[in-house]
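Report on the structure given below.
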Amino acid sequence: MKRTVSEYTRCSKERSNSSAPKLDYLFRTILTFGCYTARVRRLIINADDFGLTAGVNRAIVEAHERGVLTSTTLMANSLAFDDAVQLAKGHSSLSTGCHVVLVDGKPLIDPGRLPDLVDGKDRNSFREGISGFAIRALSGRIDPDQVEAETTAQIRKLQAHGVLVSHVDSHKHTHMFPAALQGILRASRTCGVTAVRNPFEVVAANFARLQRGLWKRYAQVKTLHGLAGYFRKAVAKAGLRTPDGTLGIVATGHLNPDLFRNIAENMPEGTWEFVCHPGYLDADLRSIRTRLRESRVEELAVLTSADTRTALEKRGVQLISYRDL
């Protein structure tokens, strides 16, 4: 059934109550990998950082209820975790996954088991920033077994609190690196999670030229694109599902209505994920070390705008969640 933007929420609620049998394996394979996805444009709109603060949680739920957001990923070791869990349970149409944190936070398991991941000075915290993680991962100094152990703990925490974990991604996209990806894929299989974000943005150049602020980000993303082939092979071997790629990573921190419209107009055929970070700028968010503050408010406005719906409908985009992948 073709699903318009305005019909998404109603259809997702009907699906959750449906007693219709599951698609058989062959038909599901055709839908996911065959000619079906080549003839349509399907889009998952996923908000990262669920659980970061109460204001971020509220914005994510509003973007789902009043806007085009279909999915989110919850941080197991976050400030407003309990609030996010209750909201997830109260909004069953919101597909909720695990936002695996391996940098800029504290581990759930004994830090002594994670020597490759924790800070050399503060042994109770992960190292800060993606640059150092990337260097260590690409030089063989990240043990996939350590990543698997911590990822399993984070997914299990969500499941223990009653969250039906639909997919996984990672804070600052650490799973684009093979060592981290191996551990996260193994943990996902162990925990029964069947989908993972494809963190590689293949159409970024279509809109990176619009703003000077995007050029540096685009160059960083482009540099790491050589890892995309390994990612696809590893995910297929693990038996997990993933979209064709992502939209919005380059635009993070710079999203506005014109930029989103350009992204929608340049969206190719296939199944994609738009990555976003809506939120309210409150005292809790101001106290957290993050570059995304005022931009979260702007993203919420974009996600709940009638113009956003119109842009997607003009392009014939079908909104789906990770549960539909």
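Here are the numbers:
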{"read-out": "Any hit, the stretch 149-168, residues being among the acidic types (Asp, Glu), at pLDDT 90 or above and farther than 27 Å from Leu43 by Cβ", "value": "yes"}
{"read-out": "Which numbered condition Thr174 fails, given (1) farther than 21 Å from Gly239 by Cβ; (2) open to solvent by 10 Å² or more (accessible area, probe 1.4 Å)", "value": "(2)"}
{"read-out": "Residue that is surrounded by the most Cβ atoms within 10 Å (Cβ to Cβ), among those in the stretch 177-186 that are in contact with a strand residue (DSSP E or B) (Cβ under 8 Å, 6 or more places away or on another chain) and within 23 Å of Ile44 (Cα to Cα)", "value": "Ile184"}
{"read-out": "Matching residues, the stretch 286-302, being farther than 13 Å from Thr53 by Cα, open to solvent by 30 Å² or more (accessible area, probe 1.4 Å), modelled with pLDDT under 90 and under 19 Å from the mean Cα position of the chain (by Cα)", "value": "Arg291"}
{"read-out": "Count of the stretch 108-131 residues which are at pLDDT below 95, assigned to a loop (DSSP other than H, G, I, E, B) and surrounded by fewer than 16 Cβ atoms within 10 Å (Cβ to Cβ)", "value": "8"}
{"read-out": "Inter-residue pairs, beta-carbon under 6 Å, first free of Cβ contacts under 8 Å to residues at least 40 places away in the same chain and in the stretch 186-198, second open to solvent by less than 10 Å² (accessible area, probe 1.4 Å), 6+ apart", "value": "Cys191/Ile155"}
{"read-out": "Condition check for Thr9: modelled with pLDDT under 95, touching a Lys or Arg at 6+ places or on another chain (Cβ under 9 Å), at negative phi and open to solvent by 10 Å² or more (accessible area, probe 1.4 Å)", "value": "no"}
{"read-out": "Scan of the stretch 87-130 for residues that are over 25 Å from Thr194 (Cβ atoms) and either among the aromatic types (Phe, Trp, Tyr) or out of contact with any strand residue (DSSP E or B) (no Cβ under 9 Å at 6 or more places or on another chain) (or both), ordered by number", "value": "Asp110, Arg113, Pro115, Asp116, Gly120, Lys121, Asp122, Arg123, Phe126, Glu128, Gly129, Ile130"}
{"read-out": "Cβ pairs under 6 Å, 6+ apart, first in the stretch 64-91 and touching a residue at least 60 places away in the same chain (Cβ under 8 Å), second open to solvent by 60 Å² or more (accessible area, probe 1.4 Å) and not in a helix (DSSP H, G or I)", "value": "Asn77/Lys106; Asn77/Leu108; Val85/His161"}
{"read-out": "Which listed residue is buried (at least 16 other Cβ atoms within 10 Å of the Cβ), among the aliphatic types (A, V, I, L, M) and over 19 Å from the mean Cα position of the chain (by Cα), from Ala283, Ala311, Ala306", "value": "Ala311"}
{"read-out": "Breaking point among (1) touching a strand residue (DSSP E or B) at 6+ places or on another chain (Cβ under 6 Å); (2) open to solvent by less than 60 Å² (accessible area, probe 1.4 Å), for Val202", "value": "(2)"}
{"read-out": "Number of the exception - Leu319 against (1) open to solvent by 10 Å² or more (accessible area, probe 1.4 Å); (2) touching a Ser or Thr at 6+ places or on another chain (Cβ under 6 Å)", "value": "(1)"}
{"read-out": "Subset tally (residues that are open to solvent by 20 Å² or more (accessible area, probe 1.4 Å), not charged (D, E, K, R) and not in a helix (DSSP H, G or I)) for the stretch 80-104", "value": "2"}
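The values are calculated or read from the model by the stated rules, or taken from the named source; none is laboratory data. This structure is a prediction, so every number in the text was calculated from the model and none was measured. With ideal geometry, Cβ positions are generated from the backbone for all residues, glycine too; neighbour counts draw on all protein chains shown. To get the accessible areas, we keep the full protein, side chains included, count just its heavy atoms, and leave off ligands, DNA and RNA. Shrake-Rupley method; radii C 1.70, N 1.55, O 1.52, S 1.80 Å.
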